[in-house]
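S.K.: Shown below is the structure under consideration.
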Amino acid sequence: MSYLIKPKNYKPILDLQQTEMGIKRIKDFFQQNLSSELRLRRITAPLFVLQGMGINDDLNGVERAVTFPIKDMGDERAEIVHSLAKWKRLTLADYNIKEGFGIYTDMNAIRADEELGNLHSLYVDQWDWEMVMSPEKRNLDFLKKIVKRIYAAMVRTEYLVYEAFPAITPVLPCDITFIHSEELLQRYPNLSDKERENEIAKEYGAVFIIGIGGKLSNGEPHDGRAPDYDDWTTPSENGYQGLNGDLIVWNPVLEKALELSSMGIRVDKEVLMRQLKLVGQESRTELFFHKRLLNGELPQSIGGGIGQSRLCMFYLRKGHIGEIQAGIWPSGMRQEAEMAGMPLI
């Protein structure tokens, strides 16, 4: 069900024209910084892939992909991507990208099962990126190093927005805080996963929660993650599992945590088989993507996605993602948002 948060005394700082100018500045500047920080080249990405090849992102495993028949291919079905988590790794191999370099692209997706609200829409736009790494770097220190580089680009972009629109004061801390999802659970044992995120984001301003997908001591994962791209079962030096995570900041407008990015070190053969077994999906080993990985045809990589509209929403201090992107919303939500000072495009 859709749900609308109505920020108290909300009034947009920028009008529609200023907002569009801000969106362009943010997108141009951030992607250039991201490319420079991680040595990524821009490539073209698909809007849809063939069904049944194991290429599409399964997210939490319950979301339905939008599908359609292809007339000139005997009505073989294609599906709109959820994200490009696995497609990017195939592309690293096909483009013969060398270690220490990578790719990024504008990913556009439709998630028809999304629960619509201030932070969720039917349309998803993000920078999907993937970088080739050596197997020796499969550790938490390397993951943190990459997170810090991405966060540095985010901090610089916020200052660019401040220079263009002085009424928008920077709020991001200089450094990002790291915490494992199990440590977060132990810190707030009586709160839900989202409530724990709110508390830690409010305290530190920007956090990276490590270990998304594996079960915690309460028997539940902090959040869902598909078993065939991120590594969420490999133990680290402190005993906690997971070489992936979510980058979350405190949203001063909505007064709650805002996830801007999800990323992680990708599965190798051993981790893939272990995680498929954990979720009872060993049959996936017969799919195109999984066969190539198990045959050693894909490089070891690290990658993730960074929400474009969410990033712009945060920087421009908007109360609803519909103030950034044009979309379809329940008529009641559109009317309520208008009354709350959040006109939806």
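S.K.: 5 Å is the cut-off here: which amide hydrogens, built 1.01 Å from N in the peptide plane, fall below it relative to VAL66, excluding neighbours closer than 5 in sequence?
M.R.: Counting only residues 5 or more places away or on other chains, the set is ILE80, ALA112.
S.K.: I'd like the orientation of helix 269-278 relative to the chain: the angle between its Cα long axis and the longest Cα principal axis, in ° from 0 to 90, rounded to 10.
M.R.: Once rounded, one gets 70 degrees.
S.K.: Provide Rg and Dmax in Å for the range 16-339, with only Cα atoms included in the calculation.
M.R.: 19.4, 57
S.K.: Based on DSSP, what percent of beta bridges with both residues in the chain are antiparallel, to the nearest 5?
M.R.: In the chain, DSSP labels about 85 percent of beta bridges as antiparallel.
S.K.: With 26 Å as the limit, write out which pairs from LYS256/LYS277; LYS24/LYS318; LYS98/LYS145 have Cα-Cα distances beyond it, or answer none.
M.R.: The answer is LYS256/LYS277.
S.K.: In sequence order, what are the phi-derived ³J(HN,Hα) couplings for the range 229-240 according to the Karplus relation 6.51 cos²θ - 1.76 cosθ + 1.60 with θ = phi - 60°, rounded to whole Hz, with x for glycine and proline?
M.R.: Result, ordered by residue: 10, 7, 8, 10, 10, 6, x, 9, 5, 8, x, 6 Hz.
S.K.: Residue by residue through the range 218-228, which ³J(HN,Hα) values in whole Hz follow from phi under the Karplus form 6.51 cos²θ - 1.76 cosθ + 1.60 (θ = phi - 60°), with glycine and proline marked x?
M.R.: 8, x, 10, x, 4, 7, x, 8, 4, x, 10
S.K.: Oh, and also: Where does the charge balance sit around ALA93 when Lys and Arg score +1, Asp and Glu -1, over other residues with C-beta under 13 Å from its C-beta?
M.R.: Its environment carries a net charge of +3.
S.K.: Mind jotting down the three principal axis lengths of the range 257-325 based on Cα atoms? Whole angstrom, largest first.
M.R.: So the extents along the principal axes, rounded to whole Å, are 46, 25, 20.
S.K.: Separate question: Please check: in the Gaussian network model of the chain (C-alpha springs, under 10 Å), which one of ASP28, ASP75, ASP231 has the largest mean-square fluctuation.
M.R.: ASP75
S.K.: Under the Karplus relation 6.51 cos²θ - 1.76 cosθ + 1.60, θ = phi - 60°, what is the ordered set of whole-Hz ³J(HN,Hα) values for the range 142-156, x standing for Gly and Pro?
M.R.: With coefficients 6.51, -1.76 and 1.60, one gets 5, 4, 4, 4, 5, 4, 5, 5, 5, 5, 4, 5, 5, 5, 4 Hz.
S.K.: Calculate the FRET efficiency for ALA93 and ALA167 from the Cβ-Cβ distance with a Förster distance of 41 Å, rounded to the nearest 0.05.
M.R.: 0.30
S.K.: Using amide H atoms built in the peptide plane, which far-off residues or other-chain residues are under 5 Å from LEU287 H to H?
M.R.: The list, which skips near neighbours in sequence, is empty: none.
S.K.: Please list, in chain and number order, the residues 5+ apart from LYS318 or on another chain whose amide H is under 5 Å from its amide H, with Hs placed from the backbone.
M.R.: It is none; the list stays empty.
S.K.: Let me ask you something else. Going Cα to Cα from LYS71, which aspartates and glutamates come in below 16 Å? Please leave out same-chain ones fewer than 8 positions away.
M.R.: Result set, ordered by chain and number: GLU79.
S.K.: Then there is this: Cα axis of helix 85-94 to longest principal axis of the chain: angle in degrees, 0 to 90, nearest 10?
M.R.: 60 degrees
S.K.: Using the number of other C-beta atoms within 10 angstrom as an exposure proxy, rank VAL155, VAL124, VAL81, VAL267 with the fewest first.
M.R.: VAL155, VAL124, VAL81, VAL267
S.K.: Can you spot the aspartates and glutamates whose alpha carbon is less than 16 Å from LYS269's alpha carbon? Ignore those fewer than 8 places along the same chain.
M.R.: Cα-Cα hits under 16 Å: GLU136, ASP228, ASP230, ASP231, GLU282, GLU286, GLU297.
Here, each number is a calculation from the coordinates, and none is a lab measurement. For clarity, every value in this text was computed on a predicted model and none was experimentally measured. Ideal geometry is used to build each Cβ from the backbone, glycine not excepted, and the neighbour counts take in all protein chains shown.
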